[in-house]
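Taking it in order: structure first as structure tokens, then the write-up.
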Amino acid sequence: MIKCIAALDENRGIANDHGIPWQGKIPTDVAQFRQRTLHGNVMMGYGWYVEQKLPLPDRRNLVATTNPEPLRPGFERVTDARAYLQNAKEDIWVGGGAALFASVLDLADELYLTQLEGDFHCTKFFPEFNEKFELQDESQPVTENGITYTFQLWRKKI
């Protein structure tokens, strides 16, 4: 099963040129990401890889990139994300960024989205998904450090 996991603002924004605007401000979301992906396979784009000083602990860290430079220890190169996901025998969590989400969203079975209230003036966006996925579950709102959000599960329409 292919699962995308992301936090997005009300405009589907996920980041700006300086990173994730809400980074470090919503610890319950970080705990949720860790709990869901622990002992799993996480695919990240090259931009996220560059930002990661160390691999995510207790997870297989797959980096979707055609950059030929060697990756740091603990990271595995995936040169064709679509082909890899189409042939995957195990569950894969796709964690972004925007270009990776856009290139593989049609392969996803489920979306685990943290939906933030407000516009965080992002320049990188999660692709449009409402037409091909339907909301299955949504948590009660959580507010941390002045940011209100819900956890949502979306499933691909059949």
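The values are calculated or read from the model by the stated rules, or taken from the named source; none is laboratory data. Values in this document were obtained by computation on a predicted structure and should not be read as measured data. Methodologically, a virtual Cβ is constructed for each residue, glycine included, from the backbone with ideal geometry; neighbour enumeration extends over all protein chains shown. These accessible areas exclude ligands, DNA and RNA; they are computed on the full protein's heavy atoms, side chains included. Shrake-Rupley method; radii C 1.70, N 1.55, O 1.52, S 1.80 Å.
Points to keep in mind about this one:
- Only listed residue being open to solvent by 70 Å² or more (accessible area, probe 1.4 Å), among the aromatic types (F, W, Y) and either at pLDDT 95 or above or in contact with an Asp or Glu (Cβ under 8 Å, 6 or more places away or on another chain) (or both), chosen from F75, F125, F129, F133: F125
- Of all residue pairs spaced 6 or more apart or on separate chains, those with beta-carbon atoms under 6 Å, a first member in segment 1-18 that is over 20 Å from E138 (Cα atoms) and open to solvent by 20 Å² or more (accessible area, probe 1.4 Å) and a second member that is modelled with pLDDT of 95 or more and not hydroxyl-bearing (S, T, Y) are M1/D91; M1/D109; N16/C122.
- Strands (runs of 3 or more DSSP E) within segment 88-158 that include 1 or more residues touching a Gly at 6+ places or on another chain (Cβ under 9 Å) and among the polar types (S, T, N, Q): 147-156
- Filter result for D58 (on the phi > 0 side of the Ramachandran plot and either touching a Lys or Arg at 6+ places or on another chain (Cβ under 8 Å) or of a type in the set (D, E) (or both)): yes
- Failed condition for V30, given (1) open to solvent by 20 Å² or more (accessible area, probe 1.4 Å); (2) over 12 Å from the mean Cα position of the chain (by Cα); (3) among the hydrophobic types (A, V, I, L, M, F, W, C): (2)
- Restricting attention to segment 16-40, the residues that are part of a loop (DSSP other than H, G, I, E, B) and among the hydrophobic types (A, V, I, L, M, F, W, C) total 4.
- For segment 95-122, a residue qualifies if it is open to solvent by 30 Å² or more (accessible area, probe 1.4 Å), aromatic (F, W, Y) and closer than 21 Å to G40 by Cα, and exactly one does: Y112.
- Filtering segment 51-66 to residues that are assigned to a loop (DSSP other than H, G, I, E, B) and surrounded by 13 or more Cβ atoms within 10 Å (Cβ to Cβ) leaves Q52, P55, L56, R59, T65.
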